[in-house]
Every structure is written in C-alpha cells, then in structure tokens.
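Each remark here refers to the structure printed beneath this line.
The values are calculated or read from the model by the stated rules, or taken from the named source; none is laboratory data. None of the values given here were measured: they were computed from a predicted structure. In this analysis, Cβ positions are derived from the backbone assuming ideal geometry, glycine residues included, and neighbour counts consider all displayed protein chains.
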Amino acid sequence: MHIRRFPMNSQINVYAFLTQMTQYYGVTELIKSRELENDELRPLYMDFQATTPMDPRVLDAMLPYQVNYYGNPHSRTHAYGWESESAMEKARKQVADLIAADPREIVFTSGATESNNMSIKLLEETIRQDTSLVSVMTVNNEIGVRQPVEDIGRICRSRNVFFHTDAAQAVGKIPINVSDWKVDLMSISGHKIYGPKGVGALYVRRRPRVRMEPLQNGGGQERGLRSGTVPTPLAVGLGAACDIAQQELEYDHSRVSMLANRLVRKIMSEIPDVVMNGDPEQRYPGCINLSFAYVEGESLLMALKDVALSSGSACTSASLEPSYVLRAIGTDEDLAHSSIRFGIGRFSTEAEVDYTADKCIQQVKRLREMSPLWEMVQEGIDLKSIKWTQH
C-alpha cells in the first residue's frame, strides 16, 4: 500500500485516511460513532467536564506528525528534528496566546494537576508567615463555580506568596490573562479542550521569576523543568486545540450558555424541588450540577442509562460517598446524595439537550412515585420535624 506524505499545511481527510488504513490491515468493521459491539446504541454524551471528544480539526493537525514528520524535536542536526521542533514551538505559542502569556513561559507536560478549592474570604485569614504557595481551581469541575482568581492573585502578590491555579476546566472556555490575574503557575489539560489525552502544559511566570526544581530529571528538555522527549503529535494537538478555542471562544460560550439555560429551564419547569448547586451567576454555564430532592443520585444515573452523565468528578466517580465539594458549600446530606452533573460542550445539540431533559423529567417522576419520603411530603408532612431512629 502506498501512503502519501501529508504536507504540513494541508487539511487531511481524516476519515479517508482511517478507512485506507483499516482496509489495508483487513479490518472489516469500522467503529461507528454511536454503535457498540453488540449493536446497541451508545448513550448520548453529556459529561464534557470529565473529558471532551477530540475536535476533528485537531486530529487533522496531528496526523502528519504521526505518519511523516516523526523526528525527535530535540534533534538539532537534521531536517527531521528541525521539522518537529518548529511544530512544537508553534504549538507552544498557540498555548501561550490563549492565556496571554509568553511562549517561553509554557512547559509541556502530560496533563493538568488537581487543585483544591478555596474561598476568597478564608484565603485572607489562612495565609500565614510561612505559607509559600496557594493553589485553587479556576473553575470547579463539579459545580462549575468560577473562583475569584483576580482577587486571589492580588492578595497573594501583596503577601509575596506564589499563586497556582488549575485551569483545566477554564482554559478555552473563559477569557484568561495570566498577567491581569497575577498567576505564577497555571495547569492546562489537553483533553478538556477537545485535544488529545496525555498532554498538557504548565505556565511558569518569568517576571517576577518563579524558580522551580525540575519536575523530572534527565536530558534537560523544556528548559530543564521537565526532561524527556516532548511527544510532537500530542503537543501539536494541544496547540491546535488552543488555537481553535481562541478563535471560537466567544461563540462556544454563547452557544453553551443557550443550551444550558434550555436544559435547566425545561427541567425546573416540570419538576419541583430541584436545586442548582453553586453560585448561579459566577459559573461556567456548561457545568450544571442539580440536586433532585427525594431521589437517590445513583438510582437516577442508572435510570438514565442512555445518557452519559455523572454524579460528580470523574476522579471520584467510583465512590458512593456524596461530593466533598457539595459538603463544603453546605449542601444538606440528602441533597448531596441526589446530585447529578450535566456537562454541555462544543458538540452538544439542542436535540440532545431536549432528549436529556425529557428523560430526566420522566425518570425523576417515576423514582419519586416509588419514594416513601416523597409520599410523605405530598401529604404535607415536614420531614425535618420527624425524629428518625436507627434499628
């Protein structure tokens, strides 16, 4: 089989290429977008906070560096290395441009690091003389609340404390300017912005300089902060994802807001006793966390088997314990157990949102009809006035 070389600046027909490869290797059945091996339809995807599907344009950008331009970007003695290094540095600039940084402040990594939430009020009281680093999420991955990072950055700078923010859920979704935010360190994840998995970036401020120990030792790549060969295709994919996000940020945000409002309005107009968790205004609209009183969240997830949803962070989705985030913001235990996270993204459609809302309404009503607590509420009994006993 002859596989043609793909020019670096060309747009590759991804699907034609994959078909060519599968035919060559004798694969008789292609995986269809929503078809499982047992011919059952895959569920609708409404979990964009856990991960995002790769944008086909990102795959287009990556393929030449998987097939033809495979040189080590750190090889400085021949064209293969120069090609890859040029692509890597272009990707570095694309990442930097998205957050208004200097390309020299971007270090490629394997992904973003989880950070803890912290309220602005407690931050003032918590910083001590020996505090060296404050770390918060820019946008919370469970309830979508946007932290006041500008104020946190100002306070940290006034106290000479380094400020790190995990921006995995924010980059490409809200405007970011690391200088205005006075951020010293910022974590970025590729697969949260329609890029490839296994790649991310760390922003490290140069002025005033943040001096760090190497993340890992070895050949001294990435300015000595993270040794090891940078995977050019993944870096190119991250750069392309950032470039697309910068161009389409305003449109994506507007469209996601419209779809999110559509989902919430439809559900809340049909079901009583539904609570939106988190600040209703200071939030990223694509992350919607709702608690359905008198319904167990895990039961609702199982009932909504044809929609891919979650009850919280993908990092803790195997746990049956209620979300620590909901507990931290004072949510009652019962409501914390009844929460569902809806994730809307670039490829979500109105039809998918309507289907999800309709199925959710149907299943919540069904589950409540089976709930003795709901029956008691309908009879006018105040559940908080009941003294429950354990046997």
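Here are some residues: 123, 63. Which one is at pLDDT below 90, at negative phi and surrounded by 15 or more Cβ atoms within 10 Å (Cβ to Cβ)?
The conditions single out 123.
In the stretch 177-215, what count of residues is obtained for those that are within 22 Å of residue 88 (Cα to Cα) and surrounded by 13 or more Cβ atoms within 10 Å (Cβ to Cβ)?
Residues that pass the stated criteria total 24.
Kindly provide the set of residues from the stretch 262-297 that are part of a helix (DSSP H, G or I) and touching a residue at least 24 places away in the same chain (Cβ under 8 Å), ordered by number.
262, 263, 264, 266, 267, 270, 297, listed by residue number.
Take the residues in the stretch 193-209 that are at pLDDT below 95 and of a type in the set (Gly, Ala, Ser), then tell me which one is farthest from residue 54 (Cα to Cα).
Among those that are at pLDDT below 95 and of a type in the set (Gly, Ala, Ser), it is 201.
Anything in the stretch 153-177 that is in contact with a strand residue (DSSP E or B) (Cβ under 6 Å, 6 or more places away or on another chain) and of a type outside the set (Asp, Glu)? List them, or say none.
Selection gives 153, 156, 161, 162, 163, 164, 165, 167, 168, 169, 170, 171.
Could you please let me know if residue 170 is surrounded by 22 or more Cβ atoms within 10 Å (Cβ to Cβ) and either of a type in the set (Ser, Thr, Tyr) or modelled with pLDDT of 95 or more (or both)?
yes
Being at pLDDT below 55, within 30 Å of residue 285 (Cβ to Cβ) and not polar (S, T, N, Q) is true for just one of 4, 34. Which residue is that?
The match here is 34.
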